[in-house]
Every structure is written in structure tokens, then in C-alpha cells.
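Worksheet: one structure, shown below.
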Amino acid sequence: MQLTTSVYVIVTQLSVSFQHSTQEGHMPPAHLAHKNQSRETFIAWAQNVGPATKQQVIEIFEKKAHDEQAFRALKGVQHLRTTHGAQRLEAACNRANAMGMVGQRYLKSMLQHKLESDPLPDETHKVIPIHHANVRGSEYYQAT
């Protein structure tokens, strides 16, 4: 494209297609850290906290279709370690893994309500039958 007068060319503009080209050296530290996130870095971080946390992180990754979708939840799990400590986070992950719960929201709720140290529900919980005159039992309903 050119803008001309009768004698002089005033402006010439070349048409160039736009492409992103961000050099890592020019990125702010927070942007560079975000760019360098990967499944391996999150799993390595979780291993430093403990085996239950590592298992929880792996399950969070498996729950998502793409690894990048899990990054925000995992940043939340990392924040839970900062606010509540590694021991409490590991205990919460252990409880969540035992109960089949996967996700940062479960861990956050468990830590806020201090449930990570509660005993796990017993899988062999036995129901004690109640003997009372008003309790009919299964035989009553089969008789009709």
C-alpha cells in the first residue's frame, strides 16, 4: 500500500502476516514459570510432599483430558501446602485417596474443617440389628 502525491511517495507499508515470537529472556519471571509447567514438574513437587500427594496429583491429571487443564487445580494444591503445611496436606491426600475423592476442592474443604486426621470409615462396618417390638423385619414383608 502506498500513499503518494504527484511527486513524492509519502508512506509505504509492507504487508506482513503477524506471528507471535516471545523470547524467554524477555518474559517476566511469573510468565516464564507458567510456561515451564509440566506434568513432570508437578509430580516431582508432589513426591517431595509425600506418596499420597503424588498419587492425588496423578489422579488429578488422569481426570482431565489434557494436562494443561489440571494446572490450575494443581496450583491450588500447591497453595494448600503453603497455607496448611506439608504434613496436613499429605494426611488429607491420604484420606482422599482412601475414600476415592479426587480434586483440590475436596482437599481444601478437608483441611479447612480439619478432617484430615479423622479416622477413615471402617470398610467392615457391621450393622447391629435392633430388637424392638415395633421393628417388623424382612419376614413381615415376605409373608404377604
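For the reader, a short list of remarks on this structure follows.
- Centre-to-centre separation between the Cα atoms of segment 20-61 and those of segment 73-119: 19 Å.
- Applying 0.36 nm per residue to the separation of Leu120 and Met99 and subtracting their alpha-carbon distance, the gain on full extension is 6.8 nm.
- For His66, net neighbour charge (Lys/Arg +1, Asp/Glu -1) across residues whose Cβ lies under 13 Å away: +1
- FRET efficiency for the pair Glu139 and Ser38, taken as 1/(1 + (r/R0)^6) with r the Cβ-Cβ distance and R0 = 35 Å, rounds to 0.05.
- Ranked by the mean number of other Cβ atoms within 10 Å of their residues, highest first, the peptides 102-111, 77-86 fall in the order 102-111, 77-86.
- Surface composition of segment 50-144: carbon plus sulfur atoms hold 51% of the accessible area, using a 1.4 angstrom probe and ignoring ligands, DNA and RNA.
- Positive contributions from Lys and Arg (+1) and negative ones from Asp and Glu (-1), summed over other residues with Cβ under 13 Å from the Cβ of Cys93, come out at +2.
- Cβ-defined net charge surrounding Phe42, 13 Å radius [Lys, Arg +1; Asp, Glu -1]: +1
- Lys64 accessible area, 1.4 Å probe, all protein chains in place, Å² to nearest 10: 80
- Accessible surface, 1.4 Å probe, highest first, among residues Arg88, Arg95: Arg88, Arg95
The values are calculated or read from the model by the stated rules, or taken from the named source; none is laboratory data. Quantities reported herein were computed from a predicted structural model and do not represent experimental measurements. As a convention, Cβ positions derive from the backbone with ideal geometry for all residues, glycine included, and neighbour counts pool all protein chains shown. Quick note on the areas: whole protein, heavy atoms, side chains included, nothing else; ligands and nucleic acids left out. Shrake-Rupley method; radii C 1.70, N 1.55, O 1.52, S 1.80 Å.
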